[in-house]
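Let me begin by presenting the structure, written as structure tokens, before commenting on it.
The values are calculated or read from the model by the stated rules, or taken from the named source; none is laboratory data. Everything numeric here is computed off the predicted structure, so don't read it as measured data. No Cβ is skipped: glycine too gets one built from the backbone with ideal geometry, and neighbour counts run over all protein chains shown. All accessible areas refer to the heavy atoms of the entire protein, side chains included, with ligands and DNA or RNA removed. Shrake-Rupley method; radii C 1.70, N 1.55, O 1.52, S 1.80 Å.
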Amino acid sequence: QVQLVESGGGLVQPGGSLRLSCAVFGSSFSIHAMGWYRQAPGKQRELVAHITSSGITDYASSVKGRFTISRDNAKNTVYLQMNSLKPEGTAVYYCNAPSKVGTVVVAIWSWGQGTQVTVSS
């Protein structure tokens, strides 16, 4: 069974930065695309950053130019560098492996506990 352990969240002022980490246990990490998701209070979980097994990245328009996703296959870890954070970035952040099933993108593993990011002055 795959275990996802997210870390690195916290309280940060608007305009600040955080670096999130997600360690993946129990899977052939390097063969999977990985993604960072976030879920704000009262909202659906959304995919904000994606990286393929070969390192090609893509971002939601709301974070493009401010967030950077990367991966270290030797450490089975995916990272999210978040700069110029905004209050609307307050959410619980999760990682998972997104996979396209027909026209729908689904997360293939059970969710971890996530890491809380709060952007506030």
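Calculate what fraction, in whole %, of the accessible area of segment 72-114 sits on carbon and sulfur atoms when a 1.4 Å probe is rolled over the protein chains. Of the solvent-accessible surface of segment 72-114, carbon and sulfur hold 51 percent.
Centre-to-centre, using Cα atoms only, segment 94-121 and segment 27-78 are separated by 8 Å. Here the mean projected area of the convex hull built on the C-alpha positions of the chain is 7.3 nm². Each residue of segment 26-32 is assigned a 3J(HN,Hα), and the resulting list reads x, 8, 7, 3, 5, 8, 9 Hz, derived from the Karplus form 6.51 cos²θ - 1.76 cosθ + 1.60 (θ = phi - 60°), x at Gly and Pro. Accessible surface for the chain, divided over its residues, is 52 Å² per residue with a 1.4 Å probe. Put simply, the amide H of Thr90, placed in the peptide plane, has neighbours under 5 Å in Val119, leaving out anything fewer than 5 places away on its chain. Whole-Hz Karplus values for segment 104-112 come out as 10, 9, 10, 8, 8, 10, 5, 6, x Hz, taken residue by residue from phi with 6.51 cos²θ - 1.76 cosθ + 1.60 and θ = phi - 60°; glycine and proline positions read x.
Positive contributions from Lys and Arg (+1) and negative ones from Asp and Glu (-1), summed over other residues with Cβ under 15 Å from the Cβ of Ser30, come out at +1.
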